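Working notes, structure below.
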Amino acid sequence: MSRRLRKAVFPVAGLGTRFLPATKAVPKEMLTIVDRPVIQLAVDEAREAGIEHFVFVTGRNKGVIEDHFDKQFELETTLRNRGKTKELDLLASDLPSAGQTSFTRQQEPLGLGHAVWCARELIGDEPFALLLPDMLIHATPGCLAQMIEVYNAHGGNVLAVEEVPHEEVHRYGVVDVGAPGSNGAQKVKGMVEKPKRQEAPSNLIISGRYILQPEIFGKLEIQKPGSGGEIQLTDAMLALLEEQDFHALKFRGKTYDCGDKVGFLAANVAYGLARKDLGPAFRKALQEILAANGENLL
Ligand code: G1P
């Protein structure tokens, strides 16, 4: 039987240069999709999938992420005094319990593989989930919950994958897979990080959700810099593929790449429209903007 998945890693050390000046003093993971920070949405997905311990690999200027996952006594006292129980309940339900979060720092920006390796002591000798918060996945059940079904059936390592247009493969890790099995998962035969378009083995990209065995840390430890001069997780996974199985799951859901400005804006529109309390008024406001521009897309 597969060992139960209890822990998740969230790499949040990136500088967020693409979102300057917003990210000068605010970590990019704290930018909001409507009213929830991007990092909160990734934690929501992990909690829904049954994860009990949340490991954040942070960097300088990211202290506010730690504050976000802590109690805020002054605010809570003020809300209580004003009888704002709805807001208080919201804060309480979002908060992991005491002792369920750990924070460590990636001291130098050496790549995603290095960031994951920084979590090795906190993960220890057990499988773990890895969620890249930039990739926001809207899915029911959540993407990680879908992956756990595959993990429970096959064990080993599991990657969430999705098809993108061929022109975009060079921005991602790309997998080569075999035929789909009974539960929709496909055995991974190879993978490559940010290939040239003409060298990509497929248009199936790694969507920023992973279930990994702890042996990945030994591979990361000796991994040489790869694409972009960075220590790449994909390269270490390729080394581990020689010893362990990887399955790829084409999950059901929609991804918004919030590391990209258009993706981030699109996520705000989609999540805003989907909100019961805001959707109708927001749709009207959008329609007015489009009409003023001579467009009628909604
Ligand atoms: C990372 C991974 C890549 C994956 C991507 C998803 O790249 O290295 O394999 O496809 O995340 O967002 P990054 O976006 O950090 O360049």
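Numerical summary
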{"read-out": "Scan of segment 5-26 for residues that are under 20 Å from the mean Cα position of the chain (by Cα) and free of Cβ contacts under 8 Å to residues at least 60 places away in the same chain, ordered by number", "value": "Gly16, Thr17, Thr23, Val26"}
{"read-out": "Flag if Gly184 is open to solvent by less than 40 Å² (accessible area, probe 1.4 Å), away from the ligand (no atom under 15 Å from the Cβ) and in contact (Cβ under 8 Å) with a residue 40 or more places away in the chain", "value": "yes"}
{"read-out": "Residue within segment 152-159 that is of a type outside the set (Ser, Thr, Tyr), more than 15 Å from the ligand (Cβ to nearest atom) and at positive phi present", "value": "yes"}
{"read-out": "Subset of segment 165-180 that is surrounded by fewer than 19 Cβ atoms within 10 Å (Cβ to Cβ) and out of contact with any helix residue (DSSP H, G or I) (no Cβ under 8 Å at 6 or more places or on another chain) - its residue that is nearest to Leu249 (Cα to Cα)", "value": "Pro180"}
{"read-out": "Verdict on Thr77 being in contact with a helix residue (DSSP H, G or I) (Cβ under 8 Å, 6 or more places away or on another chain) and without any contact (Cβ under 8 Å) to a residue 40 or more places away in the chain", "value": "no"}
{"read-out": "Any hit, segment 64-84, residues being in contact with an Asp or Glu (Cβ under 7 Å, 6 or more places away or on another chain), away from the ligand (no atom under 16 Å from the Cβ) and on the phi < 0 side of the Ramachandran plot", "value": "yes"}
{"read-out": "Pair list, Cβ < 6 Å and 6+ apart or interchain, from segment 107-122 residues that are closer than 14 Å to Pro225 by Cα to residues that are among the small types (Gly, Ala, Ser)", "value": "Gly113/Ala236; Ala115/Ala13"}
{"read-out": "Residues located in segment 100-117, provided they are under 17 Å from the mean Cα position of the chain (by Cα) and open to solvent by 50 Å² or more (accessible area, probe 1.4 Å)", "value": "Phe103, Trp117"}
{"read-out": "Residue ID - surrounded by the fewest Cβ atoms within 10 Å (Cβ to Cβ), chosen from residues in segment 1-21 that are farther than 18 Å from Lys261 by Cα and of a type in the set (A, V, I, L, M)", "value": "Met1"}
{"read-out": "Residue in segment 138-149 that is of a type in the set (Ser, Thr, Tyr), under 20 Å from the mean Cα position of the chain (by Cα) and buried (at least 23 other Cβ atoms within 10 Å of the Cβ) present", "value": "no"}
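The values are calculated or read from the model by the stated rules, or taken from the named source; none is laboratory data. Note that the coordinates shown come from a computational prediction; the quantities given were computed from them, not determined experimentally. So basically every Cβ, Gly included, is an ideal-geometry build from the backbone, and we count neighbours across all protein chains shown. Ligands, DNA and RNA are stripped out before the accessible areas are found, and what is left, the full protein with its side chains, is counted by its heavy atoms. Shrake-Rupley method; radii C 1.70, N 1.55, O 1.52, S 1.80 Å.
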